[in-house]
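Accompanying notes for the structure given below.
None of the figures in this text is laboratory data; all of them are computed from the coordinates on show. The shown structure was predicted, so the numbers you read here are calculated from the model rather than taken from an experiment. In this analysis, Cβ positions are derived from the backbone assuming ideal geometry, glycine residues included, and neighbour counts consider all displayed protein chains.
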Amino acid sequence: MSFPNLNAVSFTPDPTPTPAPIPPTGVQPRRPSARGSNREIGYVSQAENTSGRLRSYKGSVGDGQTERGDDGFINEDYRIGGPYMCSLPLTITPLPRRHRLYAPKEKDRIRKKVSDILASVGIKKPTMHIARCTSQVKPEHRPITTLFIHAERENRIDHMWLEASLQIYHFLSDNDMPEVCVEIADPRIYKPYKFAPIQQIPSIWHWDGVIAEITKQIDLTDVITIGCMRVQAPIAMNYVPTVLVTVEIESERDFREMRDIITAILDKYGLPTISVLILRDELVTKAKGPPGFDRTMLDGIARAGGNFRSAKSHLSYGKLGGFVELEFDGTDLDPMILGVTCFHSVRSDKDSHVVSHQKRFAKWDREGLNLFEEQKKSEISRVEQPPLRDLTLQLQINKKRIATIKNLPRFQSCRYHEANGILHTRPEKEQSSYRVWTQEVAELTEFNNEIEEFRPNARLGYVTACSGNRFLQKTSEWSSNTFNVKMDWALLEILQARTSTNQCDCHHEYLHQLTDEEMEDPQATAFWINGTGGPSQGRYNGLKTCLVSEQVVEGGEKDDWVVVAAPRWSFEHTVVAGSKDPKVSFSMPGDTGSLIHFWKGGVVGMVSGMLRYSKITFFTHVNDLLADIKAQTGASKVQIMGPPLEEEDADEDDDEGVDLDSEPEM
């Protein structure tokens, strides 16, 4: 089994300690808050003929307890061990040289004894690996030294693996290695869940009623999303249509009741082929670090797809999605060309400690920002592209690299010989290295000069209108049910000095209408985005996802602070990555505000967020986006600026097709 050495994400470290040493007597310490796999916290399979549905909880069939008393050992179906087992996914690092088990002789001795123990309980053809690990979700303060034992588990689920792990740990403890944890697992369990869109499945045509009933019957506390798509579990061979519920990572709720309620609703609607899966995840709507510096933005032109940041934000980044043109027929107002992005990308009150700023942002939440409101060009509404913080950081990086090169002894020696006209006396290899270093210093110096020249012009413009945190209520086109769509947009007045006469000279179509043939072909509904990681492709999920919103404004004020309602939910459109590699995501943190395009041309919507681990992207449909901008600004016409569709694509748009806003035909 090869271990993925993935970069851990930035979470607050888990205070859970490394297991305390066990005395040579073998007396066990109190359980150190063992975590276990800790991602799947509720599952119900499809109905299997007469055997019905199979239920599991925290990776254990039959809802059995996965944790044993006070010894800290976890007994899951495909992953067993203790006294501490990191939650999945893992970051694996090699064992340090100073560790006792790094020595080949000691390692072979341990391996032989462990093999004997495994053979005694019938574990066949195991592979062993000793390494250190941390969870990618809330990493431990210190890596956990672990003996990994991998073997494929047969259908028979018993306690033999648990017995073997306990024997191995006692053996390690008796040999003065109580800090080494033991983990026996089927290597397939380390694979991530895979997700694919639902295009046309006849049995899902009840989804409108199913999702409405689910949201009414379950407690939405700690719930992030409720959706339906095809899911392939780590152990499974095939994709299965699944009601997928994601919940907060730190939630301590027992979700078995929720799981059973959803299952009963599916059975009520005659949907035995739909499974239920509840996973821990995290909703990401902003990047909390520099996503990378794009030198081309130093040309001074406002760049669609470029990173920007609110001037009062210390952490949050977003994307300038593009430009819209607003027309005001029947008035004396001239057409306006404004930048468009997400509202939450310009709302930075969580980064600000100034009370007046917090109150202003609270007002934006409550009322939005009117296009013609006076004195709106304040410091809190200023946005920068590239951000000044990024410019300063890049300057520091460049200067540090220049200093490193100039302090190299060989560089200094060659520079001295060059000044005295005797560089040719140095070895050719040194001369070649010196030329490379000299060129790099010259390029970095030129780069710094460009940054210094641009810094006074980093201001991109101001927030001139925004949606606030509002819901747009819509009536389903295929039932009598109503549903909410969360509005999340902001318009930016771009400074004249940052605009170009040829960057916004044409319009996108509102939406490429999908034909029946395209809806039947999953590849035909492919979208693309020019995101932080470069262009990427994704596929549209035909069933909308319920997204639970937090702190949505309803009502008035109390003591100058906003009165907030309980969490509400809205229907959102979703995209999954088009790549078969589960590590590849359609969008990345920091891509919020980016426009999503149909693969043949035309704008589909604007990214509003993503699930970090499931890698599912949410977007606001372009029809809802433009309709709300039109209603809130009073414009008679709103168009997205950008390159036109190809002629053949424009002809296809004239054909009668299926709107993404409607349920796929069955």
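What to note about this one:
- Computed over region 86-179: relative contact order in percent, which uses C-alpha pairs under 8 Å that are six or more apart: 31
- Among residues other than Ser579 with Cβ under 12 Å from its Cβ, the summed charge is +4 (Lys and Arg +1, Asp and Glu -1).
- In summary, the lysines within cross-link reach of Lys268, defined as a Cα separation below 19 angstrom excluding same-chain residues under 8 places away, comprise Lys216.
- Within-13-Å neighbourhood charge of Glu418 [Cβ basis; K, R +1; D, E -1]: +3
- Arg410/Asn238 FRET efficiency (R0 56 Å; Cβ-Cβ; nearest 0.05): 0.40
- Residue-span extension gain [Lys400 to Glu154] - 0.36 nm each, minus C-alpha spacing: 83.0 nm
- Counting Lys and Arg as +1 and Asp and Glu as -1 over every other residue whose Cβ lies under 13 Å from the Cβ of Pro456, the net charge comes to -1.
- Taking the DSSP bridge list for region 72-190 and keeping only pairs wholly inside it, about 75 percent are antiparallel.
- Cα gyration tensor shape of region 194-281, rounded if a/c is under 1.5, else prolate or oblate by comparing a/b with b/c: oblate
- Overall form of region 121-190 per C-alpha gyration tensor (a/c, 1.5; a/b vs b/c): oblate
- The lysines whose alpha-carbon is closer than 16 Å to the alpha-carbon of Lys125, local same-chain residues fewer than 8 away aside, are Lys112, Lys113.
- Global form of region 72-190, assessed from the alpha-carbon gyration tensor, a/c cut-off 1.5: oblate
- Partner lysines whose Cα lies under 25 Å from the Cα of Lys399, excluding those fewer than 8 positions away in the same chain, are identified as Lys288.
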